[in-house]
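Working notes, beginning with the structure itself.
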């Protein structure tokens, strides 16, 4: 507000001086020149009459001569100052209009509105830096999970285009460089309800700058940074960046998992998918020799991961020095049939089109399909507007960088217990994962699950405390029962993790007892989530099912009941 006032006063200083000067001269002139009243006596306008007349004369309203008809001397004076007043008003109005059209003033106004919205933001929120494809998906995911965010984007045209988006326009947005301290502070970094910073720009160095700035200012805030450079990623981790997300490393890990255990890959995909979307069908990448085209940051990480996992690969790249690391290689682009034949496309089981150009990757897939239609096709997609092309290419698996980063970040910020659960699952036998698959399939009904955390503390633990005083145990089955219905109906959800202090129990059964302070991660349908939190908000519903006890509904009678029976 101080900046707005300063800019306004600076631009309007001369117009205001002129207005006051001209108004004062006109007013005192009218007071000094004598007039004649209705009886022919000499009459001088008083201060109020002179000010009133000059005011409506300057704005050309024209109420007439007051309080009596003017003399020729008065009319001559009015004639001399009327154009001076009108001209001064027009000049002042033009200056005000120019002020509102000034880019700097509009920027200050926008920042002021942004600051007010941040000050009024009382719910926990994240600061999202960068509103590209990844940032957009993160914002939509946060909104879908009822989380708030403030946005910093350096590209003004990008902000303008997304302000037309019905959902994203509801979030406070600031056009600024997020690496600057002032921008992060304006976005609410200093507020107690700011959970942390998510930086997803396309430039690793910019993400590094944002992460350093956030950690230096507030070391306790969570920072999640996208990074594809190993050197910069190591730098981020060295000063305490909480999560460094490398989309290519993540995809390489998941592809290796798909090759060795398709059921684990499938369950993992279900749990990190966008809630409500159709569940992916099981994919089974074949065992055998793979061809990898392109050894950039994506291809090299995939190739190293597959070599480490014992998968036989042949790599293709135009840069000879990159091929020296791999025992089987062919120099070329991979878009030509003769290069693919030289790499042994006829007896390969799969091909990964991993160059940095979407057109080249599509060309590789189409050429390879002509030579060997039985291949398993993996394509790297960089631009979101090529979705239809990759869909038409019928690739079995597509590596979308923005999609990978957004899904990982949303999983980390919304369901922190999911990551240890997935890591635990990876180290289990396939039979354990298959059992989990059947359990999930039974409750999800073909759509990706909602994930939610139940924290048995405070108000949500009231029903549990009453049951404990009655020596009645409450288990997970009681919590996941539909308490609206008298018949025994299990909610469409599955408890994945129960955390009790430093102990974690994975896939606890319905008969596992719940204690105050437990945290439980559930996966299921959105209707089940609503019913469960409704049960927790009303202790009487949990008690009536698990303990067969009905508390009085009124506050006074409930207090009396507790005092009498729960001593």
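The values are calculated or read from the model by the stated rules, or taken from the named source; none is laboratory data. All of these numbers come straight from a predicted model, not from anything done at the bench. Cβ: placed from backbone, ideal geometry, glycine included. Neighbour counts: every protein chain shown.
Cβ-Cβ distance below 7 Å, separation of 6 or more or different chains: which pairs start in segment 83-100 with a residue that is touching a residue at least 60 places away in the same chain (Cβ under 8 Å) and end on one that is not in a helix (DSSP H, G or I)?
Cβ pairs passing all conditions: 89/59.
Show the residue pairs that are 6+ apart or on different chains and have beta-carbon atoms under 9 Å apart, the first residue being within segment 10-29 and touching a residue at least 40 places away in the same chain (Cβ under 8 Å), the second being surrounded by fewer than 17 Cβ atoms within 10 Å (Cβ to Cβ) and not in a helix (DSSP H, G or I).
If the second residue must be surrounded by fewer than 17 Cβ atoms within 10 Å (Cβ to Cβ) and not in a helix (DSSP H, G or I), the pairs left are 11/102.
Restricted to segment 444-465, and to residues that are within 28 Å of the chain's Cα centre (by Cα) and assigned to a helix (DSSP H, G or I), which residue is surrounded by the most Cβ atoms within 10 Å (Cβ to Cβ)?
444
Please go through segment 57-82 and give me each residue that is surrounded by 15 or more Cβ atoms within 10 Å (Cβ to Cβ) and in contact (Cβ under 8 Å) with a residue 40 or more places away in the chain, ordered by number.
Within segment 57-82, 74, 77, 78, 81 meet the criteria.
Residues in segment 58-72: is at least one assigned to a helix (DSSP H, G or I), within 28 Å of residue 16 (Cβ to Cβ), out of contact with any strand residue (DSSP E or B) (no Cβ under 9 Å at 6 or more places or on another chain) and in the same structural domain as residue 22 (by TED's automatic domain parsing)?
Taking every residue of segment 58-72 in turn, at least one turns out to be assigned to a helix (DSSP H, G or I), within 28 Å of residue 16 (Cβ to Cβ), out of contact with any strand residue (DSSP E or B) (no Cβ under 9 Å at 6 or more places or on another chain) and in the same structural domain as residue 22 (by TED's automatic domain parsing).
How about segment 100-114: which of its residues are out of contact with any strand residue (DSSP E or B) (no Cβ under 9 Å at 6 or more places or on another chain) and not in a loop (DSSP other than H, G, I, E, B)?
Passing the criteria: 100, 101, 103, 104, 105, 106, 108, 109, 112, 113.
Give segment 46-57 a look and list any residue that's within 19 Å of residue 36 (Cα to Cα) and either assigned to a helix (DSSP H, G or I) or not assigned by TED's automatic domain parsing to the domain that holds residue 33 (or both), or say none.
47, 48, 49, 50, 51, 52, 53, 54 - these are the residues of segment 46-57 that are within 19 Å of residue 36 (Cα to Cα) and either assigned to a helix (DSSP H, G or I) or not assigned by TED's automatic domain parsing to the domain that holds residue 33 (or both).
Got a sec? Which of 112, 58 is under 36 Å from the mean Cα position of the chain (by Cα) and more than 26 Å from residue 41 (Cβ to Cβ)?
Being under 36 Å from the mean Cα position of the chain (by Cα) and more than 26 Å from residue 41 (Cβ to Cβ) holds for just one of 112, 58, which is 112.
Among the numbered conditions (1) part of a helix (DSSP H, G or I); (2) in contact with a strand residue (DSSP E or B) (Cβ under 9 Å, 6 or more places away or on another chain), tell me where residue 18 comes up short.
It is condition (2) that residue 18 fails.
Quick one: how many residues across segment 236-252 are touching a strand residue (DSSP E or B) at 6+ places or on another chain (Cβ under 6 Å) and in contact (Cβ under 8 Å) with a residue 40 or more places away in the chain?
Summing the residues that are touching a strand residue (DSSP E or B) at 6+ places or on another chain (Cβ under 6 Å) and in contact (Cβ under 8 Å) with a residue 40 or more places away in the chain in segment 236-252 gives 4.
Would you confirm, using the coordinates I've provided, whether residue 117 is touching a residue at least 12 places away in the same chain (Cβ under 8 Å) and within 23 Å of residue 404 (Cα to Cα)?
Taking the combined requirement at face value, the residue does not satisfy it.
So residue 395 fits all but one of (1) in a loop (DSSP other than H, G, I, E, B); (2) surrounded by fewer than 21 Cβ atoms within 10 Å (Cβ to Cβ); what number is the exception?
(2)
List the strands (runs of 3 or more DSSP E) inside segment 264-358, counting only whole elements, that have at least 1 residues being without any contact (Cβ under 8 Å) to a residue 40 or more places away in the chain, touching a strand residue (DSSP E or B) at 6+ places or on another chain (Cβ under 9 Å) and surrounded by 15 or more Cβ atoms within 10 Å (Cβ to Cβ).
Hits in segment 264-358: 313-317, 329-331.
How many residues does segment 129-141 contain that are in contact with a strand residue (DSSP E or B) (Cβ under 9 Å, 6 or more places away or on another chain) and within 19 Å of residue 400 (Cβ to Cβ)?
Selection size over segment 129-141: 8.
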